[in-house]
Each structure stands twice: as structure tokens, then as C-alpha cells.
Amino acid sequence: MPGAVSRDRRHFLTASAAVLGAAASAQLWLPGTARAAETPLPDGVFSLGVASGDPLPDAVVLWTRLAPDPLNGGGMPDRVVPVEWEIAEDARFGKPVRRGTAQARPEYGHSVHVDVRGLRPDRVYWYRFRVDGQLSRTGRTRTAPPPSRAGGSLRVALASCQNWQNGYFTPYADMLGQDPDVVLFVGDYIYESSPSATAVRRHEGTGEPYTLVQYRNRYAQYRSDPHLAAMHANAPWVVTFDDHEVDNDFAGEIPQDPDKQSHDAFTARLTAAYQAYYEHMPVRAAAIPDGPHIRMYRRLDFGRLARLNVLDTRQFRSDQATGQDGAQDPSLTMLGAAQKDWLLHGLRHSPTRWNLIASQIMMAETDLKVGEGKLWYYDAWDGYQAERNALMGEFAGIRNPVVLSGDRHLTMISDLKADFADPDSDTVGAEFVGTSISSGGDQDQSAFHKEWDARMPDNPHWKFIDAHRGYHLFDIRRDGIDAQVRVAETVLSPDASSSALARLRVEAGEPGVRLV
Ligand SMILES: [Fe+2]
């Protein structure tokens with residue numbers, strides 16, 4: 001049973017933390033303290049950088065993966081390698097607070113996930129790794145506020161959709177300067193598409209990834225973008241995946257093209273894709289995959305200010321509808337029964353002022369048909385309307401729900417309606433669809449507005465739409481959320497500047513969003 005193995009591995013991977021004694025602090029990392037007896041490792045084991053994620057008031061996950069030959073499977077010897085880690089209150093490691101040794105195991109691509117506990121709430125920390133005399137870059141992270149704190153502020157950056165072949169990850173340079181407390185990434189971290197000779201920069205490999213090594217190489221290539229690597233090293237991330245981490249538009253164990261990928265072949269692909277996803281993301285051991293299954297839905301609280309419910313809208317969904325009637329079929333589910341119960345419980349019993357829901361895909365209606373009648377995207381929540389509409393009913397009874405989404409490669413900022421068929425129905429929340437980091441590349445803005453502005457009268461809940469590349473930035477306080485749509489001039493240059501294209505506000509106690 002894979003489950004039994006996973007439990008053992010979970011135990012193993014979480015059992016490596018050590019508390020620093022006061023006397024140990026001056027003696028840290030003397031030369032050769034943990035040098036392996038085997039032949040030395042190749043140079044450049046920390047080519048993929050460092051990352052942190054899923055901050056709690058007393059804990060954060062620290063990540064790295066040893067890969068001296070990142071685009072060719074990693075290049076590590078086939079043995080377990082001990083990796084030293086330390087975390088400190090200052091960037092020069094003069095005030096270390098914890099250290100330990102984690103095991104980089106070949107069956108996990110020599111990735112390291114350290115779930116450091118015993119930290120202080122709402123604090124910035126610095127961390128680094130060392131192995132065989134090689135030192136990683138220094139990462140910076142921060143813990144969540146204490147559970148009792150009602151006030152304060154939280155700065156969240158919302159990102160999604162970074163297609164390597166469509167452009168540089170330029171918007172992260174601006175995000176770095178904005179210094180968010182946490183980065184929320186809602187899917188399409190990699191794209192599984194084949195290399196294109198005409199791309200701005202070309203995918204590695206010779207085709208789509210199917211095997212574990214192929215997915216590892218793809219993640220490694222993405223991590224080589226210096227802006228992405230710097231952003232990972234500067235703030236904790238909270239991540240979830242969408243379809244392109246596996247296969248375009250897949251649903252559960254059903255691929256995009258079931259006639260071309262058998263069920264067995266696709267579950268093998270899911271197994272490889274989820275494994276590589278876990279190996280490259282700063283997530284807890286709860287996310288260690290069990291074959292073709294991975295647990296990604298989870299929630300994180302930031303004091304009594306904000307609860308973040310992170311959804312998985314891929315793994316448990318029914319297959320997509322193929323027509324307007326199907327989209328309204330009440331038997332279709334987006335979340336699956338267990339996740340839906342979990343979400344509703346978390347919303348109804350939330351202790352926080354704001355209830356954020358990270359959904360990979362857009363929740364508000366998109367009526368594509370100008371004039372009479374409707375036409376929806378069936379891969380988004382519009383294709384699962386009965387469940388979406390029931391959720392809108394729930395939103396009416398909870399405190400300040402705000403949905404943060406991706407997938408669309410557009411900025412779409414909307415009121416959420418009790419009944420999208422009735423524009424006069426109550427507004428029950430707000431949604432931000434956070435454009436894309438690079439996917440879609442630079443757009444012809446006037447062509448976009450010509451096509452999409454015509455749809456505005458059919459979608460009166462849309463408050464702002466745009467087709468620049470970038471991300472959204474939120475300053476969350478008790479009285480309201482101030483949001484910025486921050487966009488890059490171009491993603492054809494890694495050095496282009498970014499600016500605030502629009503500013504919006506969500507007022508606490510007043511569902512909906514407005515331009516300011
Ligand atoms: Fe995407």
C-alpha cells in the first residue's frame with residue numbers, strides 16, 4: 001500500500017529539527033562538521049535556490065533541492081545526502097535560533113523540506129542550507145501573526161500563470177520591491193507544452209513531460225528565472241496547482257484527450273507530475289503525494305485578520321460540461337464532497353475579519369455572448385454552476401468573503417452575485433482574477449478592449465478588466481482591502497518596469513469591490 005510508505009516518509013521528513021542551545025550559536029557550522037565520507041558532490045548543488053512557504057504563527061517550511069545539473073535530472077549521486085540548515089533573526093546569522101540536518105533523498109529528487117517549529121509570530125527570519133562545504137543563498141521569510149491579533153495589516157501578492165515560452169517573469173522584479181508578507185500562487189507554475197522554436201525563450205526537452213525526470217527538468221528550468229528565484233528567496237509562498245502542472249484542462253483522473261492517453265498512462269503521468277510538484281514547492285509533509293493523489297487544499301490563518309482557504313479545483317472535479325445545459329447540471333461538482341464540507345466548515349466557523357478563498361479558476365460569471373442568451377467557459381466555475389450558486393448562497397452568511405483566482409490570463413475584478421442571472425440580486429462578495437505573470441505574452445490592448453468591452457453590458461458585475469501581464473497586490477486591514485493591479489510594460493524584456501494600472505477597494509461589511 002503506497003499509503004503506508006507515505007506515512008513512514010512523512011515521519012522521517014518531519015523529524016529533523018533541532019533547537020539551538022545558547023552555547024551552540026557561536027560554534028555554528030565549523031568547517032567539516034557534516035561532511036559526507038563519500039566522494040565530494042559536484043559544484044553548484046544549490047542551483048535551484050531556496051524557498052519558504054505556508055507560514056504559521058510558530059512555523060514555516062524551508063525548501064531547497066540539490067541539483068548540480070538541473071536540466072538533466074539533477075546530477076546527484078544515488079544516495080541520501082545530509083543537508084544542514086539554519087534559521088536566524090538576522091541576515092548575517094549572528095542571532096541563530098534553530099538549526100538541524102535534513103536528509104535529501106534520491107527518491108524525492110534530493111529535495112529538502114524542513115518544517116521549522118518553535119518560531120516567534122510575525123517575525124522576519126533568514127535561513128540557509130549547507131552541504132559538503134557548499135553554501136546556499138540566504139533566504140528571507142516571515143511567520144504569521146499570533147492567532148489573537150485582530151488588527152495590523154497583511155500584504156499579499158496574487159500571482160498565477162507563468163509560461164516560460166511567452167515571456168520573462170518580469171513582474172516578480174516589481175513584486176520584490178513591493179515586499180509582500182506572503183505570495184499566493186494559484187496555478188500554472190509550469191506549462192507542460194512542448195518546446196517551440198518561435199518562443200521568446202524555449203522550453204527544455206523535446207516534448208511534453210510525462211515522466212518524473214522530465215517534470216523535474218521542467219521545474220528546474222522555470223526556477224532558473226532570476227526574478228522568480230529572488231522572489232522565492234524573499235518571502236514565504238502559499239501555492240496550489242491548476243491544470244498545466246500536469247496536463248491542459250484535466251479533471252481528476254481524466255486527461256484532456258482520453259482517446260490519446262489511457263487511464264493507466266494518465267495516472268502514471270499524474271503520479272510523476274504531483275511528485276515533481278511536491279519536490280519543488282515549499283509545502284508541508286501533508287502534501288507528499290500518494291501515487292496519483294495529492295492533498296493541496298488547506299487553510300492558513302493570519303491572526304484574526306484573514307483566513308486563507310486554498311482550494312484544489314482540479315483533482316476532485318467532475319469532467320467538464322460540453323454544453324450550456326451540462327454547465328447547469330446539479331450533479332456536477334468542482335470541489336468534491338469532502339473538500340466542499342471542509343470549505344463550508346472553515347467559512348462558517350472562521351474567527352477572522354476576512355475570508356479569502358484561493359480558487360485556481362474564475363468564480364464570477366463570464367457571459368461570452370453579446371446580447372440575448374449566454375455562453376460560458378465550461379472549465380471555470382461557470383461550468384459547475386449549481387455548486388457555484390450554492391456557494392454564493394453561503395457567502396451571504398459569512399464575513400467578508402473575497403475570492404482570489406487565476407487561469408484567465410486577464411485581470412477580471414468582479415462583484416460576486418447571489419444570482420448572476422439577476423443583476424439586481426445581492427452582492428455577496430468580491431473576486432480578483434489576477435492576470436498572469438507571463439502567459440499569453442504582451443497583448444494588443446486595443447484589440448482586447450474591442451472584443452471584451454462589448455461584453456461588459458452582459459456582465460454588469462465586472463468592475464475592471466484588463467489584459468496586461470502582472471499580478472495583484474493587496475493591503476488587508478480590518479476596515480478594508482486596498483488592491484493594486486500592478487502590470488509590467490512588457491514581458492519581452494526581463495528588465496522592464498511595472499506600475500499600478502488600477503487601484504480598487506473592498507470595504508469591510510460592504511460586499512463588492514469598487515475602483516478608487
Ligand atoms: Fe494559465
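The values are calculated or read from the model by the stated rules, or taken from the named source; none is laboratory data. Note that the coordinates shown come from a computational prediction; the quantities given were computed from them, not determined experimentally. Counting neighbours? That spans all protein chains shown, and the Cβs are built from the backbone with ideal geometry, glycine included.
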- prompt: Tell me, which residue of the stretch 229-266 that is surrounded by 23 or more Cβ atoms within 10 Å (Cβ to Cβ) and within 16 Å of the ligand (Cβ to nearest atom) is farthest from Pro289 (Cα to Cα)?
  reply: Phe250
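Please enumerate the residues belonging to the stretch 291-307 that are part of a strand (DSSP E or B) and in contact with a strand residue (DSSP E or B) (Cβ under 7 Å, 6 or more places away or on another chain). Outline the logic, then answer.
Taking the stretch 291-307 first, the residues part of a strand (DSSP E or B) are 293, 298-302, 306-307.
Of everything in the stretch 291-307, those that are part of a strand (DSSP E or B) and in contact with a strand residue (DSSP E or B) (Cβ under 7 Å, 6 or more places away or on another chain) turn out to be Arg298, Arg299, Leu300, Asp301, Phe302, Ala306, Arg307.
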statement: Considering the stretch 236-260, residues that are more than 21 Å from Leu184 (Cα to Cα) and touching a residue at least 60 places away in the same chain (Cβ under 8 Å), and then whichever is farthest from the chain's Cα centre (by Cα), we arrive at Ile254
- line: By residue number, the members of the stretch 208-228 that are surrounded by 20 or more Cβ atoms within 10 Å (Cβ to Cβ) and small (Gly, Ala, Ser) are Ala220
query: Taking the stretch 432-450 on its own, how many of its residues are within 16 Å of the ligand (Cβ to nearest atom) and under 19 Å from Ser414 (Cα atoms)?
result: 5
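Looking only at strands (runs of 3 or more DSSP E) that fall completely inside the stretch 430-516, which ones have 3 or more residues that are more than 28 Å from Gly397 (Cα to Cα) and aliphatic (A, V, I, L, M)? Show your work before the answer.
Values: elements: 462-466, 470-477, 480-488, 498-507, 510-515.
Here the list reads 480-488, 498-507.
Residue under question is Tyr210, and the condition is that it be modelled with pLDDT of 95 or more, under 25 Å from Arg269 (Cα atoms) and more than 20 Å from the chain's Cα centre (by Cα); does it hold? Walk me through it before giving the result.
Numbers: modelled with pLDDT of 95 or more: yes; under 25 Å from Arg269 (Cα atoms): yes; more than 20 Å from the chain's Cα centre (by Cα): yes.
Yes, satisfied.
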- prompt: What pairs can you find where one residue is in the stretch 303-314 and acidic (Asp, Glu), the other is at pLDDT below 95, and their Cβ atoms are less than 6 Å apart, with a gap of 6+ or different chains?
  reply: none
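Would you say Met362 is within 16 Å of the ligand (Cβ to nearest atom) and more than 17 Å from Pro511 (Cα to Cα)?
When the stated conditions are applied, Met362 passes them.
Can you tell me how many residues within the stretch 169-182 are in a loop (DSSP other than H, G, I, E, B) and within 16 Å of the ligand (Cβ to nearest atom)? Reasoning before the result, please.
As a first pass, look at the stretch 169-182 and keep what is in a loop (DSSP other than H, G, I, E, B): 169-170, 179-181.
Adding the requirement that they be within 16 Å of the ligand (Cβ to nearest atom) leaves 169.
Counting residues in the stretch 169-182 that are in a loop (DSSP other than H, G, I, E, B) and within 16 Å of the ligand (Cβ to nearest atom) gives 1.
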Residue, nearest to the ligand (Cβ to nearest atom), within the stretch 137-167, restricted to residues that are in a loop (DSSP other than H, G, I, E, B) and either among the hydrophobic types (A, V, I, L, M, F, W, C) or buried (at least 24 other Cβ atoms within 10 Å of the Cβ) (or both): Cys161
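Here's the yes/no breakdown for (1) closer than 29 Å to Ala502 by Cα; (2) away from the ligand (no atom under 16 Å from the Cβ); (3) part of a loop (DSSP other than H, G, I, E, B):
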| residue | (1), (2), (3) |
| --- | --- |
| Gly326 | no, yes, no |
| Leu332 | no, yes, yes |
| Asn355 | yes, yes, no |
| Asp367 | yes, yes, yes |
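Let me confirm something: among Val124, Val112, which residue is more than 16 Å from the ligand (Cβ to nearest atom), under 22 Å from the mean Cα position of the chain (by Cα), free of Cβ contacts under 8 Å to residues at least 60 places away in the same chain and buried (at least 24 other Cβ atoms within 10 Å of the Cβ)? Steps first, please.
Numbers: Val124 fails: buried (at least 24 other Cβ atoms within 10 Å of the Cβ).
Among Val124, Val112, only Val112 is more than 16 Å from the ligand (Cβ to nearest atom), under 22 Å from the mean Cα position of the chain (by Cα), free of Cβ contacts under 8 Å to residues at least 60 places away in the same chain and buried (at least 24 other Cβ atoms within 10 Å of the Cβ).
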- prompt: Looking at (1) at pLDDT below 95; (2) at negative phi, can you tell me which one Asp78 breaks?
  reply: (1)
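Restricting attention to the stretch 410-429, report how many residues are in contact (Cβ under 8 Å) with a residue 60 or more places away in the chain and in a loop (DSSP other than H, G, I, E, B).
Taking the stretch 410-429 first, the residues in contact (Cβ under 8 Å) with a residue 60 or more places away in the chain are 411, 413-416, 426-429.
After this cut, where a residue has to be in a loop (DSSP other than H, G, I, E, B) as well, the list is 426.
So the count comes out to 1.
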- request: Output the residues belonging to the stretch 290-312 that are more than 29 Å from Arg478 (Cα to Cα) and of a type outside the set (D, E, K, R).
  value: Gly291, Pro292, His293, Ile294
message: Being closer than 23 Å to Arg298 by Cβ and without any contact (Cβ under 8 Å) to a residue 60 or more places away in the chain is the filter here; which residues of the stretch 203-230 pass it?
response: none
query: Hey, Lys374 hits all of (1) outside any loop (DSSP other than H, G, I, E, B); (2) among the charged types (D, E, K, R); (3) over 19 Å from Arg314 (Cβ atoms) but one; which does it fall short on?
result: (1)
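So which residues in the stretch 183-201 are within 12 Å of the ligand (Cβ to nearest atom) and farther than 30 Å from Phe302 by Cα?
Filtering the stretch 183-201 down to residues within 12 Å of the ligand (Cβ to nearest atom) leaves 185-193.
Those that are within 12 Å of the ligand (Cβ to nearest atom) and farther than 30 Å from Phe302 by Cα: Tyr191, Glu192, Ser193.
Any residue that is within 16 Å of the ligand (Cβ to nearest atom) and in contact with a strand residue (DSSP E or B) (Cβ under 9 Å, 6 or more places away or on another chain) - is there at least one of those in the stretch 386-403? So that I can check it myself, show each step before the final result.
Taking the stretch 386-403 as the starting set, the residues that turn out to be within 16 Å of the ligand (Cβ to nearest atom) are none.
No - not one qualifying residue is present in the stretch 386-403.
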statement: Subset of the stretch 447-463, residues in contact with a Gly (Cβ under 9 Å, 6 or more places away or on another chain) and either under 17 Å from Gly373 (Cα atoms) or aromatic (Phe, Trp, Tyr) (or both), comes to Pro457, Asp458, His461
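Please tell me if Ala233 is more than 24 Å from Asp312 (Cα to Cα) and touching a residue at least 12 places away in the same chain (Cβ under 8 Å). Don't jump to the end; show me each part of the working.
On the way: more than 24 Å from Asp312 (Cα to Cα): yes; touching a residue at least 12 places away in the same chain (Cβ under 8 Å): yes.
It is true that Ala233 is more than 24 Å from Asp312 (Cα to Cα) and touching a residue at least 12 places away in the same chain (Cβ under 8 Å).
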query: Failed condition for Asp188, given (1) surrounded by fewer than 24 Cβ atoms within 10 Å (Cβ to Cβ); (2) at positive phi, with all others met?
result: (1)
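Which residue, of Asp379, Asp407, Asp453, Asp479, is away from the ligand (no atom under 16 Å from the Cβ) and touching a residue at least 24 places away in the same chain (Cβ under 8 Å)? Give the steps one after another, and end with the answer.
Numbers: Asp379 fails: away from the ligand (no atom under 16 Å from the Cβ); Asp407 fails: away from the ligand (no atom under 16 Å from the Cβ); Asp453 fails: touching a residue at least 24 places away in the same chain (Cβ under 8 Å).
Going through Asp379, Asp407, Asp453, Asp479 in turn, just one is away from the ligand (no atom under 16 Å from the Cβ) and touching a residue at least 24 places away in the same chain (Cβ under 8 Å): Asp479.
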statement: Reported set for the stretch 171-180 where residues are under 21 Å from Thr240 (Cα atoms) and either touching a residue at least 60 places away in the same chain (Cβ under 8 Å) or among the polar types (S, T, N, Q) (or both) is Pro171, Tyr172, Met175, Pro180
